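Step one of this worksheet: look at the structure below.
The values are calculated or read from the model by the stated rules, or taken from the named source; none is laboratory data. All values reported here derive from a predicted model rather than from experimental measurement. Every residue, glycine as well, gets a Cβ built from its backbone with ideal geometry; the counts of neighbours run over all protein chains shown.
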Amino acid sequence: MSTRIAKQISARLRAKNISFYELEKKAGLKPHAVQNILRGKSKKPSGELLQSIAHELGCHVEDLLQGQETRYAEELPHSKKVLLNQPYEHPDLFLETVKFVNHALKEKENNLTIEQFISCVEEIYLHSLQKDPKKVDKNFAEWWVDLATD
């Protein structure tokens, strides 16, 4: 997954906690249309395809072509698996993350499923773990909650 579009789609899929298969189905796309973009097989997807994807992800085509997601996606080097296998040494950061997400959702008056809420907390917590000092990266957290609630 090397293209900017692929990174944008991937970040939004994670934020919404849906699979590429679900996106293809909801958008009425051919099987593997999104997967081909994510794997780099489709480097220049059509405008119609991007419009369908953007609509289902709650964004504009421009957001897929250029956006903040790429900056965050490339910023931190550790893989999710490596981070999840680290010892649990920052319970205060975890609690701060849960409170931040909960507060942000109350402000937005937006309800997520439990799975989406946990996914938000996980992504923000893991991202914040890689920062020094260990505290919630509020810019990233606000951006991630916005993605999840669009």
Legend entry - Residue tally, condition surrounded by 21 or more Cβ atoms within 10 Å (Cβ to Cβ) and farther than 22 Å from TYR125 by Cβ, over the range 6-22: 3
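Considering only the range 2-25, state which residues are of a type in the set (A, V, I, L, M, F, W, C) and assigned to a helix (DSSP H, G or I).
Passing the criteria: ILE5, ALA6, ILE9, ALA11, LEU13, ALA15, PHE20, LEU23.
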Legend entry - Residue pairs meeting the criteria (Cβ under 8 Å; at least 6 apart or on separate chains; first not assigned by TED's automatic domain parsing to the domain that holds ALA104, in the range 119-138; second assigned to a helix (DSSP H, G or I) and hydroxyl-bearing (Ser, Thr, Tyr)): none
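Being surrounded by 14 or more Cβ atoms within 10 Å (Cβ to Cβ) and under 15 Å from ASP92 (Cβ atoms) is the filter here; which residues of the range 118-133 pass it?
Scanning the range 118-133 gives VAL121, ILE124, TYR125, SER128, LEU129, LYS131.
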Inset, instruction - Count, please, the residues in the range 26-55 that happen to be assigned to a helix (DSSP H, G or I) and surrounded by fewer than 17 Cβ atoms within 10 Å (Cβ to Cβ). - result: 6
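Condition (residue is closer than 30 Å to LYS131 by Cβ, loosely packed, with under 14 Cβ neighbours inside 10 Å and modelled with pLDDT of 90 or more) applied to the range 70-88: is it met by at least one residue?
Yes, because at least one residue in the range 70-88 is closer than 30 Å to LYS131 by Cβ, loosely packed, with under 14 Cβ neighbours inside 10 Å and modelled with pLDDT of 90 or more.
With the requirement that a residue be among the aliphatic types (A, V, I, L, M), in contact with a Ser or Thr (Cβ under 8 Å, 6 or more places away or on another chain) and either at pLDDT 85 or above or part of a helix (DSSP H, G or I) (or both), what does the range 103-150 give you?
To start, the set of residues in the range 103-150 that are among the aliphatic types (A, V, I, L, M) comprises 104-105, 112, 114, 118, 121, 124, 126, 129, 136, 141, 145, 147-148.
Right, trim to in contact with a Ser or Thr (Cβ under 8 Å, 6 or more places away or on another chain) and you get 105, 112, 121, 124, 136, 141, 148.
LEU105, VAL121, ILE124, VAL136, ALA141, ALA148, listed by residue number.
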